[in-house]
Number of protein chains: 2
Amino acid sequence: MTEKSPKIIYTLTDEAPALATFSLLPIIRTFTAAAEISVETSDISVAARILASFPERLTESQRVTDTLAELGELTLDPSANIIKLPNISASIPQLKAAIAELQSQGYDIPNFPDEPATAEQREIRDRYSKILGSAVNPVLRQGNSDRRAPPAVKAFARKFPHSMGKWSPASRSHAAYMKGGDFYSSEKSTTMQDDTDVRIEFVAKDGTVTVKKELHLLKGEVLDGMFMSAKALRDFFEDTLNDCKETGVMWSLHVKATMMKVSHPIVFGHAVTVFYKDVFEKHAELFKDLGVNPNNGLSSVYDKIKTLPHSKQEEIEEDIHACYAGRPEMAMVDSVKGITNLHIPSDVIVDASMPAMIRNSGQMWGQDGKPKDTKAVMPESTYARIYQEMINFCKTNGAFDPTTMGTVPNVGLMAMKAEEYGSHDKTFEMTADGTMRIVNAADGSLIMEHQVEKGDIWRACQTKDAAIRDWVKLAVTRSRQSDTPAIFWLDKERAHDRELRAKVEEYLKEYDTDGLDIRIMSYIPAIRRTMERLIRGMDTISVTGNVLRDYLTDLFPIMELGTSAKMLSIVPMLAGGGMYETGAGGSAPKHVQQLVQENHLRWDSLGEFLALAVSLEELGIKENLPKAQLLGKALDAATEKLLENNKSPSRKTGELDNRGSHFFLGMYWAQELAAQDEDAELKARFEPLAKALTDNQDTILKEMSDAQGHPVDIGGYYHPDAAKTSAVMCPSATLNSILANFKAA
Amino acid sequence: MTEKSPKIIYTLTDEAPALATFSLLPIIRTFTAAAEISVETSDISVAARILASFPERLTESQRVTDTLAELGELTLDPSANIIKLPNISASIPQLKAAIAELQSQGYDIPNFPDEPATAEQREIRDRYSKILGSAVNPVLRQGNSDRRAPPAVKAFARKFPHSMGKWSPASRSHAAYMKGGDFYSSEKSTTMQDDTDVRIEFVAKDGTVTVKKELHLLKGEVLDGMFMSAKALRDFFEDTLNDCKETGVMWSLHVKATMMKVSHPIVFGHAVTVFYKDVFEKHAELFKDLGVNPNNGLSSVYDKIKTLPHSKQEEIEEDIHACYAGRPEMAMVDSVKGITNLHIPSDVIVDASMPAMIRNSGQMWGQDGKPKDTKAVMPESTYARIYQEMINFCKTNGAFDPTTMGTVPNVGLMAMKAEEYGSHDKTFEMTADGTMRIVNAADGSLIMEHQVEKGDIWRACQTKDAAIRDWVKLAVTRSRQSDTPAIFWLDKERAHDRELRAKVEEYLKEYDTDGLDIRIMSYIPAIRRTMERLIRGMDTISVTGNVLRDYLTDLFPIMELGTSAKMLSIVPMLAGGGMYETGAGGSAPKHVQQLVQENHLRWDSLGEFLALAVSLEELGIKENLPKAQLLGKALDAATEKLLENNKSPSRKTGELDNRGSHFFLGMYWAQELAAQDEDAELKARFEPLAKALTDNQDTILKEMSDAQGHPVDIGGYYHPDAAKTSAVMCPSATLNSILANFKAA
C-alpha cells in the first residue's frame, strides 16, 4: 500500500481546528513542497462521515468516499504519517444539527430516528450510530499513546505562567462518587487461556436466554464484565442533591456522555429525572407520548414541548421551575442564558471540566454568574477518586505553581480499542431483571455472571494482549529515553487491573529496566506520589489505561500549561507508522461563533505546529530525508520564537488571531531556514520568502486586522462552504500573493 | 536493690486517678495478698514532688521522701514492676495553685518566683522547674513504649461502638501549619562517630560567645539542632487569623504547652500577643510593670490587672473586647464561662484536642456553644501534617467506623529522653540576633550552626543509640508476636529522621524479619497507608519517634475506642523490668469538680484493671508465680465481664460511678477465681468472698448510691486529706467490712 513519494496526511475535521486549517495548510504546503513532501488531506469531519454513510441517496457530485475507513487502513501501513486534528465526538443533538444542516444544503439524507420502528429506520439508526461519539479515534488509534509537554512549551509556561486560582484550605469543594453499586464494585475480569469464542447472554427470570453479542477473543486477551445499578445510581444522585441542599454547596454533574456514548447518556438521563423528579413523574405519560428523552438533557423537554399549546408549555415550565425550590443550586454552563449542567449531556465533559474547576480554585459558576464551591458529582468511583485526591492535595498544599512544578507525561494503553473505550458495542441497558452472563461458546461453560435489575447498565470490555505488550514496551522506552520514573497506575482492588498487573510484571522482565524507576501502584497512591513529586519540580510518567490516559492528559497539562492543547500526542502505531494528534482541547464551538459574528478566530494552532514538527522529523528519519528533518527542526525553532514573542492568538476581536499567528509562524519558519547553513539549497530557496514576509509584515497584519470586527458567512457550521471559508481564512491578499509566487517559483 | 518478696509498685498521682485509687487499692490488695504479692505505693503527685523539694523548710512530720527519684532508681532493677497512673504535667498556673494549697495547709514552702531576681529565688525557681511539665515520665520511662488496644476492649468497642460525629465532605475544617521558618525546615542532624563532648554556644553579632550548655554525647548518638523563627511564627499566626476572618472558619490553637514546657508556652504567648496585638501594644509598658506574661495565656492579663484601679481594669477589658471585632471567631474551651482557646496554655493540648475535634465531625465549640468548622492552628509542620491528612481522609471516606476498623498499636522510641521530649534543658529563647552553634569541645570544630534572630526558639535534641537499637528490636518483636505489619514513620525530608532511617535499616538486618512486613515510610504515606488499611479492618503497628508516639496513641485509640484511656501501655524497661501505664487520657480535673460538688466520680479505672492484669501476668512469668498469673487471667476475664455487662462508671450523678464499678470488678474477679479449677487453694479462698459480694450486691450498691448527690470535703485538690478522701471513696460500710474480714481471714 505504501506509495513511494514521502507523504503526510493532514486531517480535515470540525469547527475551529478545521477553520484554522484553511489558513495554515497553504503555509505548510509552501514549506513542505520545497522538500518534495506532499501534504494530503483526509476529511473525517462529522459531515463527511454522514455523507459517506448514505451514498445511495446522494447525487454523484454530492458523494464522498469513506475517508475514515481509508485512513483506518493506512494505519496498518508502516509508512503512515498522519496529523490528526481534534474532531467532534458527536452527541445525538450535535448529530441531528449536522443532519439538518446538510439537508438544508440539499443533501437528501434521512432524519435521525429517535425510536426506530421499522427495519429501514433501524438500518438508518445503525449507520448513524457509527458516527456518534468518539467514532474516529477507535479507527485511527492503532497504537498506544505517548503524550508529553514539548520542552519549549513547558519552558514557556514556567517563564510566562498562566493564571491559577488560589485554593483555600477552607474550600468546601469535593468529588462525590458512588460507594457501591457502580461498575467499580461489580467488575469481574479474566484472561483468556486460548483463542475463545464467547457469547454475552441475558437470562430472564423465566429462564429465557437472549444472546446480546458474540465475541471472538484472542489468547491472552483480558475480558471484563461489570454493571452499574440504576437503583443505586438514582439513590446516589438523590443523596448528593440532599447533601448539597443541606450544606449549601453547589451541585454539579461531570460525566463523559460523548466518549462513553452508550453508558453515560443513560447515567446523565438518570441525573435529569432525579433532579427534576416531580416534573418527570407528573408528566410521565405526556413526555412518553412526546418522545422526551432525558438522556439528551433537559433541553429535550424544552424541545419536545414546543408542539404543545402555550398554556401547557407554561405549566410544564412552571413545574420545572418549581423543582429548583427543593433542589440545591446547580452549576451553570452559561448563567446568562440559564443553561444548567443538566441541559445538554455534551456540555460538561469530566476530563475537561474537572481540571477547569480545580484550576479555578475548586469552583464552578453559579446561577448568579459567581464562582462557588462545588460538589463535583461523578458516579463512577473508579476514576472519580483521583479528583478528590487532587482536591485534597490543593486544599493542603495550595494550587499548583506552573513556574516550579514538574511534568507528567503519559503512556496510555489505547491500542485495539482497549478497555472501556471499546465497550460501546458491548454495553446494554437492562430491560428486565435477570442475569447477564458470558459463556464459552464452545461448551457453554460460564465465564462470569452478574445479577441485574431492570435499568442497570451492564458492559463488557476487552483488552488485547498485543496492545498490553506494546504498552509495557512503550513505557520502558519512554522511561529510558527521558530518564524519568514511571508509574503503572493499576488498582490492586480492581479485577481488571489485577489481570493487568500480572501481565505487566511478566512483560517488564523482558526489558532491560536496570537503573529505571518503574513502579506499579494503585490509582490513589499513584496520583499522590506523582503530585508530591510534581510540587517538588520532579517529573513522573503516568502509565495508564485508556480512560485514565484521557483524563490525565487533560488534568496535568491544564495545571502545567493551562491547556492540554499544547501537548505532544503521538500514537506510535503497532504497525510501525505514526500518528501525531494535535491538541486535546476539543474542537471549541465557541471559537466558531466568535469567527462568524466578529471574524476573529482565537483557535491556537500551536498543537498543529508541534505535531507537524515531530511528524517531519520522524518522516525524515524513516525515509532518510534530511530536508524533512531540517524543516521539522526549523519549525520547532519558529514555534519557540512564536511563544517567546507572544504571537499566539488573542481572545479579543481586533487583536492578533489565528491567521495572524500563522503568518508569524510562517515568517519565523522561513527566517530559520534562511539563517541555517546545513542545507544550502533550502537556504537559498527560503531567503527570498523570509525577506518578502518580513518586509510585508505590517501590510499583511493590517489586512488581517482590517478584516476583523463584522459577521462573516462561511456557508455552514458542520459543513462550511470551502470557497467561502477559504476567503474568510486567507484575508491578506499580500500574504496570499507571496505564497502563490513562492510556490510558482 | 531487688527485694525477694514479689512486689508491685502502684503509683499515687493526682486528681481523678488518685481519688479512684483510694477505692480501688483496698480491693486490689485483698486479691494480691492471697498470692502473697505486696502492692506498695509510691507518691509521685505534684504535691509530693513539691514537698520533697523543700525538706529544709518543713517539719519532720511534714517531710516526704523523694519517691520519684526512688522510683527512677527502681527502673534500673530487672525485677521492677510498676503500675503508673496518669499524673499532672503541671503548667505554671497549676504549679502555683498547688503551692498555694500546700501553703494553706501549713507547709512553709516558697512562692514560685515568676522573675527570680536573687540567687535564692533562682535556686527556688530551679527546684520548681524540675516539677513543671512532664517531669515524671522522663524519669520513669527507662524503656521504649509498647501501646496497644487490649483485645477485650477492642471487641467491646466493635460491639458497643462509641458515638462518632459524621464527616461532611463539604467540611471546611483543616489543619494549618507553617510552610517555613519552623523547626521542621531548619532541622540539622548528625550522628556521633565517638563519645564526644560538645558545647552549645551563642555567638552574638559582636563576636561574644556565650556557652549555653555542655553535653556529653555517646558514640552513635544522634544530635539535632533546629529553631523556630519568631517573626515567621507571628506572621503565620497573623495569616491564619486573617484567613479565618475572611472565610468565616473558626480559629483554634493547638499546642502542647505542658509537655513541650519550654518551647510551646513561648509559641502560645506569641499567639496571645498576635491575637490581642492592639491590647498588648497599647498597654506594653503597663503590662511589663505588672509582670503580665502572655505565655501563661490571656488569664495572666486578667490576673495581673486585678491590682489596678477599677476604671483602668475596665479600660483594659474593653480594649480586649475591642480586639475581637477585628479577629475571627475563636474556639472556646468553655463557652458558658467565656474561656477561650487562648486563656490558659494547658487547656488545649494538641494530642488530645485534635482527635476530639476529628471525632466531633472536625468541629470545635464556638462562642455560642455550637460546634463549628475550624482551622486547627498547629505551628510546627513536623507533625501537624498528619492531622491534615486525617481530616482529608475523613472528608473523603467519612468518619471512622469503630465497628469495622482495624487497630493501630504503637511502638514508640521513648527511652533515655529521646528526641524533642528530652529537649527542654537545651531549648533557648534568643535574646539577641546572632548564631547558635554546636561545637566539639575537644577541638572547637563546628558541628552545626543556625543564624537566629532575637525571639527565635532554638533547641537541640538527643537520641541515644541504645534506645534506637532497643526500639528496633521491640518493633520486630511486636510485629512477630502479633503477626502484624509494622511501619517505621521516618520522614525522608527531615534531617533527624534521615539519621534514624540509616540506623533502622542497619539494625533491622540483625533480626529475623522473614515473613514480616516491615516498612520505613515518611509520615504522610505512613498515616495514609495505615488509614487505608484501618478502614478495611486491617491492623498496622506504627513504629514512631517520641512525639508521634504521644500523638498517635491518642489519635487512633480515640477513633477506635472513643478514648485512649483503655489502651495497654507497657514500657519494657531497658534494664529488664516493666512499667504498666494506665490511661493516656490525662488526670481529668472536671472529674474532681464533680466529685467535690456531687460526690460522683466518673473516672473509669479500666486502664488500671488492664494494666494490673498484665503486670500480674508478667510478674507471674518472671518470678515463676502461677498464682500471680492466675490472678491476672481472672482479672482480664472480670474486666471483660464488666464491659459486657456495662458496669463502667456513668457520667451522671446518681448512677453507677467509679466506686460502684470497682465493686463489680471485685465481685467478678472473685467469681472468676471461685469458678476456676487451676488452683484449688485460691478457689477455696475466693469462694466465700465471691458469695459475700454477690449476696450483698444490692446493699452495697444502695450504700454507694445513697452517698451521692451532695458536696463532699476531701481536704484539698492537689494534696487532699487521706482520711477524708478514703472516707469519701469507700462509702459502703458493707463492702468495707467484707474486705476487712477477708483480709483478716
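Data table
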| quantity | calculated |
| --- | --- |
| Tally of residues being of a type in the set (G, A, S) and crowded, with 24+ Cβ neighbours inside 10 Å across the range A:230-265 | 3 |
| Test: A:F236 is away from chain B (no Cβ under 14 Å) and at pLDDT 95 or above | no |
| Odd one out for A:E493 among (1) surrounded by fewer than 22 Cβ atoms within 10 Å (Cβ to Cβ); (2) touching a His at 6+ places or on another chain (Cβ under 6 Å) | (2) |
| The range B:705-718, residues that are within 28 Å of the chain's Cα centre (by Cα) and open to solvent by less than 50 Å² (accessible area, probe 1.4 Å) | B:I714, B:G715, B:G716, B:Y718 |
| Leading residue by the ranking (nearest to A:G106 (Cα to Cα)) among those in the range A:686-742 that are charged (D, E, K, R) and outside any helix (DSSP H, G or I) | A:D721 |
| Qualifying positions in the range A:151-182 - under 30 Å from A:A230 (Cβ atoms) and either part of a loop (DSSP other than H, G, I, E, B) or in contact with an Asp or Glu (Cβ under 6 Å, 6 or more places away or on another chain) (or both) | A:R172, A:S173, A:Y177, A:M178, A:K179, A:G180, A:G181, A:D182 |
| Flag for B:D289 being more than 28 Å from B:P93 (Cα to Cα) and acidic (D, E) | no |
| Matching strands (runs of 3 or more DSSP E) fully within the range B:1-103 where at least 3 residues are surrounded by fewer than 16 Cβ atoms within 10 Å (Cβ to Cβ) | B:38-43 |
| From A:D194, A:D114, residue being out of contact with any strand residue (DSSP E or B) (no Cβ under 7 Å at 6 or more places or on another chain), surrounded by fewer than 13 Cβ atoms within 10 Å (Cβ to Cβ) and not in a strand (DSSP E or B) | A:D194 |
| Test: residue in the range B:462-477 that is aliphatic (A, V, I, L, M) and under 21 Å from B:L233 (Cβ atoms) | no |
| All positions within the range B:340-363 that are away from chain A (no Cβ under 14 Å) and over 18 Å from the mean Cα position of the chain (by Cα) | B:T340, B:N341, B:L342, B:H343, B:I358, B:R359, B:N360 |
| Test: residue in the range B:514-529 that is within 14 Å of another protein chain (Cβ to nearest Cβ), free of Cβ contacts under 8 Å to residues at least 24 places away in the same chain, over 30 Å from B:T75 (Cα atoms) and open to solvent by 20 Å² or more (accessible area, probe 1.4 Å) | yes |
| B:T374 being within 14 Å of chain A (Cβ to nearest Cβ), touching a helix residue (DSSP H, G or I) at 6+ places or on another chain (Cβ under 8 Å) and assigned to a strand (DSSP E or B) | yes |
| Set A:R158, A:R199: member being charged (D, E, K, R) and under 30 Å from B:M178 (Cα atoms) | A:R158 |
| Matching entry among A:T396, A:T477 (being under 23 Å from A:A176 (Cβ atoms) and open to solvent by 20 Å² or more (accessible area, probe 1.4 Å)) | A:T396 |
| Every pair of residues 6+ apart whose Cβ atoms lie under 9 Å, when the first sits in the range B:696-718 and is assigned by the TED database to the domain that holds B:S661 while the second is in a loop (DSSP other than H, G, I, E, B) and among the aliphatic types (A, V, I, L, M) | B:L701/B:L656; B:M704/B:L656; B:S705/B:L656; B:Y718/B:I88 |
| Leading residue by the ranking (farthest from the other protein chains (Cβ to nearest Cβ)) among those in the range B:536-552 that are touching a helix residue (DSSP H, G or I) at 6+ places or on another chain (Cβ under 6 Å) and in a loop (DSSP other than H, G, I, E, B) | B:G545 |
| Answer from A:D224, A:D195, A:D278, A:D206 - the residue that is charged (D, E, K, R) and closer than 30 Å to A:P93 by Cα | A:D278 |
| Candidates A:K261, A:K245 - the one that is basic (K, R), modelled with pLDDT of 95 or more, outside any strand (DSSP E or B) and in contact with a strand residue (DSSP E or B) (Cβ under 9 Å, 6 or more places away or on another chain) | A:K245 |
| Unique match (being buried (at least 22 other Cβ atoms within 10 Å of the Cβ) and over 22 Å from B:S45 (Cβ atoms)) among B:L601, B:L616, B:L643, B:L595 | B:L616 |
| Flag if B:K130 is at negative phi, surrounded by fewer than 17 Cβ atoms within 10 Å (Cβ to Cβ) and within 14 Å of chain A (Cβ to nearest Cβ) | no |
| Condition broken by A:K179, with the remaining ones in (1) closer than 23 Å to A:Y383 by Cα; (2) open to solvent by less than 20 Å² (accessible area, probe 1.4 Å); (3) of a type outside the set (V, I, T); (4) within 11 Å of another protein chain (Cβ to nearest Cβ) satisfied | (2) |
| Selected residue (only one of B:I124, B:I109 is in a helix (DSSP H, G or I) and either of a type in the set (D, E) or at pLDDT 95 or above (or both)) | B:I124 |
| Residue in the range A:204-216 that is more than 29 Å from the chain's Cα centre (by Cα) and at positive phi present | yes |
| All positions within the range A:239-261 that are closer than 23 Å to A:I344 by Cα, of a type in the set (S, T, Y) and within 14 Å of another protein chain (Cβ to nearest Cβ) | A:T240, A:S252 |
| Enumerated strands (runs of 3 or more DSSP E) restricted to the range A:420-476, each holding at least 2 residues that are within 24 Å of the chain's Cα centre (by Cα) | A:427-429, A:457-463 |
| When residues of the range A:302-356 are limited to those that are among the small types (G, A, S) and farther than 24 Å from A:D243 by Cα, the one most open to solvent (accessible area, probe 1.4 Å) | A:S311 |
| Which numbered condition A:R158 fails, given (1) within 14 Å of another protein chain (Cβ to nearest Cβ); (2) open to solvent by 20 Å² or more (accessible area, probe 1.4 Å); (3) in contact (Cβ under 8 Å) with a residue 60 or more places away in the chain | (1) |
| The range A:445-471: number of residues that are open to solvent by less than 40 Å² (accessible area, probe 1.4 Å) and over 28 Å from A:Y507 (Cβ atoms) | 6 |
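Residues checked against (1) within 14 Å of chain B (Cβ to nearest Cβ); (2) touching a strand residue (DSSP E or B) at 6+ places or on another chain (Cβ under 9 Å); (3) free of Cβ contacts under 8 Å to residues at least 40 places away in the same chain:
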position	(1), (2), (3)
A:A399	yes, no, no
A:G406	no, no, no
A:N410	no, yes, no
A:V452	no, yes, no
A:T463	no, yes, no
A:P485	no, yes, no
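The values are calculated or read from the model by the stated rules, or taken from the named source; none is laboratory data. Predicted, not measured: the structure shown is a model, and the values here were computed from it. A quick note on method: Cβ atoms are made from the backbone with ideal geometry, for glycine too, and the neighbour counts reach across all protein chains shown. The area values use the complete protein model at the heavy-atom level, side chains included, leaving out ligands, DNA and RNA. Shrake-Rupley method; radii C 1.70, N 1.55, O 1.52, S 1.80 Å.
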